[in-house]
Amino acid sequence: MPKHRSRLLAAATVAAVLAGAGGAAAGGVAAADPDPPAVVRASVVSDDLAVTNVVPTWGAQIPKVVYDGHFYYAATLDGDGAQYPWSAQVWRSRNGTLWTPVLRLPGHVYQPVGLLVDGEGDLHLQVACYTGAECYPGVEPAPGGDLAAVYPVRVEFTDRDPDGSIDFADFTDHTVRAAGSERYYQGMAVDPTGRFLYSAYAVDGWDLWINVFDTVTGEDVHTSEVGSPPAGRAWLYPRVQPGTAPGEVSLSFSQYVLGTPNSAYLDAALLFSSDDGGRTFAHQEVLTSNPAPDGDGNWVDASDLTVGPDGDIHTVFYRRDGGVGTLYYQRGLDGDPVAVGGLDNHSQILVGPDGKISVFSSEGAALVVATSTDGVDWSIERHTIPGVAGAYWPNLLSARQGSRVPPGFDSRRPTVGMLMAGQTSGDPAFHPLLFVRYKD
């Protein structure tokens with residue numbers, strides 16, 4: 001069992017590199033800094049994760065941390081070393097600093113748990129599971145032999161305990177158990193009204209599909225085919241982003257070469273957009289491509305997308321050429337790509353109410369943040385996360401999950417919260433799990 005560490009790491013504050021020492025005003029009073037440095041605070045969610053074969057925050061298309069107006073909730077994969085299928089865990093926190101485990105999914109977990117908050121403040125948990133045994137406690141599995149098929153567990157939590165927290169044993173079951181209901185590598189999001197949940201995923205044969213679920217009626221609105229990849233290819237890891245206008249939804253996803261040795265044999269990153277709620281996708285473009293990916297020094301990936309306050313789509317995608325990786329940014333549909341810098345393919349993007357663009361990534365034990373006011377000129381800062389040898393793959397707390405605004409997150413210097421997976425020197429397990437807050 002790994003040793004427990006302080007619930008708040010190293011005084012929890014890491015300042016950005018200062019431009020220079022501040023001077024003193026007359027009378028010895030220090031002059032106010034008109035642009036104070038960014039601050040990063042990291043709290044330990046759990047130091048007991050034991051999984052070694054996957055980064056717990058893997059799956060950028062799946063939201064894993066939310067705030068429902070009362071509590072934060074976070075979910076990640078877990079397992080005993082190289083266990084597969086995985087297990088999973090969910091934690092709760094009142095303040096984002098002290099976290100309590102509240103749920104364990106014991107096994108048969110196919111991909112990370114996703115969390116969404118709807119317009120009524122109800123929590124929705126979605127996870128793709130294997131048949132053969134119970135995956136979510138109390139939810140009957142779909143029919144089928146052990147590990148014979150994948151199906152989506154969908155549960156909704158509407159009732160609360162007196163302290164405002166969710167009772168994870170009291171839920172409404174929206175699980176889909178019909179044959180052919182597999183959802184591989186699904187991504188998910190809630191629309192701006194908070195009423196509709198969008199899930200995009202691959203099915204057997206590797207076509208891409210989308211489902212829209214109405215949280216008011218508790219019924220599916222429609223399940224529609226997005227499209228079919230070329231022969232010998234699969235469309236995977238769809239990032240889902242509803243727009244600001246009713247019916248708008250965009251997807252960015254990667255094209256995988258079937259039959260290759262690892263998941264980095266990706267030869268295209270694509271962007272599709274719909275204005276009829278996902279029933280059709282009239283806009284279809286290739287963001288970038290590499291006709292000869294080798295799974296090592298040459299490949300591409302669709303990293304993330306979001307929507308700005310003006311309704312524009314903002315997309316980031318990744319190219320690796322000759323062993324050198326570069327993240328690119330595109331504004332709007334058919335915009336011109338701009339190189340952001342050497343950020344990795346798990347980067348995530350946010351656009352603030354003032355239009356400022358922020359991209360969050362990781363490198364070694366650092367949170368990497370790239371910012372721009374126009375999408376053309378970018379500045380990049382690195383903030384070391386104390387107490388870990390590695391900090392991986394931020395998963396953002398954002399409006400995409402329908403989350404309420406946590407206390408302090410709408411201040412003059414807004415805070416961005418995220419999950420990150422830590423790793424300590426000499427230990428192959430990915431722990432501690434961190435909740436990181438970045439204040440610009």
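Highest mean packing first, where packing is the average number of other Cβ atoms within 10 Å per residue, the peptides 200-212, 71-83, 289-301 line up as 71-83, 200-212, 289-301.
Here the contact order of the chain, divided by its residue count and restricted to Cα pairs under 8 Å and six or more residues apart, works out to 14 percent. Normalised by the number of residues in the range 253-304, the average gap of Cα pairs under 8 Å and 6 or more apart makes the relative contact order 39 percent. The 3J(HN,Hα) values that the Karplus relation (6.51, -1.76, 1.60; θ = phi - 60°) gives for the range 323-337 are, in residue order, x, 10, x, 9, 8, 10, 10, 9, 9, x, 7, 6, x, 8, x Hz. Gly and Pro appear as x.
Extension gain, K356 to T97, is 90.5 nm, computed as 0.36 nm per intervening residue step minus the present C-alpha separation.
Ranked for footprinting exposure by Cβ neighbours inside 10 Å, fewest first, R279, R400 give R279, R400.
Between amide H atoms placed 1.01 Å from N, distances below 5 Å from L103 occur with V90, all of them 5 or more places distant or on a separate chain.
Full extension of the chain segment joining T172 with D204 gains 8.8 nm, where the gain is 0.36 nm per residue of separation less the Cα-Cα distance.
Paramagnetic label reach from D410 (point 7 Å along Cα→Cβ; backbone nitrogen cut-off under 11 Å): within the range 161-197, no residues.
Computed extension length for D294-A133: 54.2 nm, one decimal, from 0.36 nm per residue of separation with the Cα-Cα distance subtracted.
Counting other Cβ atoms within 10 Å as a rough exposure proxy, the listed residues S425, S181 run S425, S181 from fewest neighbours to most.
All other residues with a Cβ under 13 Å from the Cβ of A202 taken together, and with Lys, Arg as +1 and Asp, Glu as -1, what is their net charge? Value of the local net charge: -2.
Which of rounded, prolate or oblate describes the chain when judged by the alpha-carbon gyration tensor and an a/c cut-off of 1.5? Note, shape of the chain comes out rounded. Averaging the Cα positions of each part gives two centres, and for the range 41-62 and the range 156-177 these lie 24 Å apart. Backbone phi angles across the range 202-218, fed through the Karplus curve with coefficients 6.51, -1.76 and 1.60 (θ = phi - 60°), yield HN-Hα couplings of 8, 10, 4, x, 6, 5, 9, 10, 9, 10, 10, 10, 8, 6, 7, 8, x Hz in residue order; Gly and Pro are listed as x. Paramagnetic label reach from D161 (point 7 Å along Cα→Cβ; backbone nitrogen cut-off under 18 Å): within the range 69-112, residues 69-75, 89-105. Residue-wise HN-Hα couplings along the range 171-183, as the Karplus relation 6.51 cos²θ - 1.76 cosθ + 1.60 with θ = phi - 60° gives them from phi, are 8, 9, 9, 10, 4, 9, 10, 5, 4, x, 9, 4, 9 Hz; Gly and Pro carry x.
Relative to one another, the C-alpha centroids of the range 108-145 and the range 294-340 are positioned 31 Å apart.
Rule-based calculations on the coordinates, nothing more; no lab input. Only a predicted model underlies this, so the values are computations on that prediction, with no experimental measurement involved. Glycine also receives a Cβ, built like all others from the backbone with ideal geometry; neighbour counts cover every protein chain displayed.
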